[in-house]
1. Can you tell me which of Arg179, Arg118, Arg67 moves the most in a GNM of the chain? Springs connect C-alpha atoms under 10 Å apart.
2. With a probe of 1.4 Å, find how much accessible area region 173-220 has per residue, and write the answer as a whole number in Å².
3. Mind jotting down the distance between the C-alpha centroids of region 188-210 and region 98-120, whole Å?
4. Once neighbouring chains are kept in place and the probe is 1.4 Å, which whole percent of the accessible area of region 78-145 is contributed by carbon and sulfur?
5. Per residue, how large is the accessible surface of region 1-109? Use a 1.4 angstrom probe and give square angstrom.
6. Could you tell me whether region 126-220 comes out rounded, prolate or oblate from its Cα gyration tensor? Rule is a ≥ b ≥ c as square roots of the eigenvalues, rounded for a/c under 1.5, then prolate if a/b exceeds b/c, otherwise oblate.
7. If the elastic network links every pair of Cα atoms under 10 Å, which of Ala158, Ala183, Ala166 fluctuates the most in the Gaussian network model of the chain?
8. Out of Ala83, Ala56, Ala17, any idea which swings most in a Gaussian network model of the chain, alpha carbons joined below 10 Å?
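The values are calculated or read from the model by the stated rules, or taken from the named source; none is laboratory data. Just so you know, these numbers come straight off a predicted model, no measurement behind them. Every residue, glycine among them, receives a Cβ derived from its backbone with ideal geometry; neighbour counts consider all protein chains shown. In case anyone asks, the SASA skips ligands and DNA or RNA and just uses the protein heavy atoms, side chains included. Shrake-Rupley method; radii C 1.70, N 1.55, O 1.52, S 1.80 Å.
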Amino acid sequence: MTAVVLSAHSLYRFFRAGEEETLALQGVTLEAEPGEIVAVTGPSGSGKTTLLNCLAGLDEPDGGTVRVAGERISHRAERERSALRSRHIGVLLQSKNLVDHLSVRDNIALVQRLVRGRRPVPAEDLLEQVGIRDRAGALPRQLSGGEAARAGLAVALANAPALVLADEPTGEVDGETERRVLALLREHASTGTAVVVISHSRAVAAAADRVLRMRDGRWV
Ligand SMILES: Nc1ncnc2c1ncn2[C@@H]1O[C@H](COP(=O)(O)OP(=O)(O)OP(=O)(O)O)[C@@H](O)[C@H]1O
């Protein structure tokens, strides 16, 4: 087992739209150890989602490297990044990680089929943990915002990932559900998972081991 689950070094990301250039990430370095929950906060447009996308291998940084569980995920073909993501990372983005035409149960099964050599946690158990066991047969569009957020979390945890990357996982849930989600993340962290979570919630910051603040693509 590697000492750090996530090692992102000196990440840069530029976006160009016509004449305008945005420096979304300006040399961001981040490491996370097994068992650690890191909260990332900062104003709108500061680069948080861009960072998470680069960490997840959903986007390529223009400079710098990302390693997850000892394997480099940056600067690789999309297919390779996708395979590494299935193997090591649970991703919960604001855009949601549920496939529309599959039930919640089948969304979990889909993620678990991509991972070999690990015994999957039964879908019902994952859904019990997030408190929506009775919604296993529902389609994503039949879920409330809070239920969809919890289903997304169950899917993010379905591959028993070394690293969980979550963008506002408690943005749409009530206080009680937020506590439940945080307890669940802590439980997974205690088994060695590292968690990086973007959030403006005070409860999330209080539950985290470290809180990092971003502004204009840099830590402040
Ligand atoms: N695909 C893109 N093309 C052009 N500019 C982009 C793109 N994605 C992000 N940006 C710009 O990069 C900057 C950082 O955006 P990002 O979404 O990472 O911020 P954020 O901190 O996650 O914001 P929020 O809290 O509102 O989600 C912003 O100025 C944004 O407009």
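1. Between Arg179, Arg118, Arg67, it is Arg118 that shows the largest mean-square fluctuation.
2. Details: 2590 Å² over 48 residues.
Roughly 54 Å² per residue, with all protein chains present.
3. So the separation of the two Cα centres works out to 24 Å.
4. Working: 1920 of 4140 Å².
The nonpolar share, carbon plus sulfur, comes to 46 percent.
5. On the way: 5270 Å² over 109 residues.
Result: 48 Å² of accessible area for each residue.
6. Numbers: a/c = 1.95, a/b = 1.55, b/c = 1.25.
Prolate is the answer for region 126-220, as a/c is 1.5 or above and a/b outweighs b/c.
7. Highest fluctuation among the options: Ala183.
8. Result for the chain, Cα springs under 10 Å: Ala17 fluctuates most.
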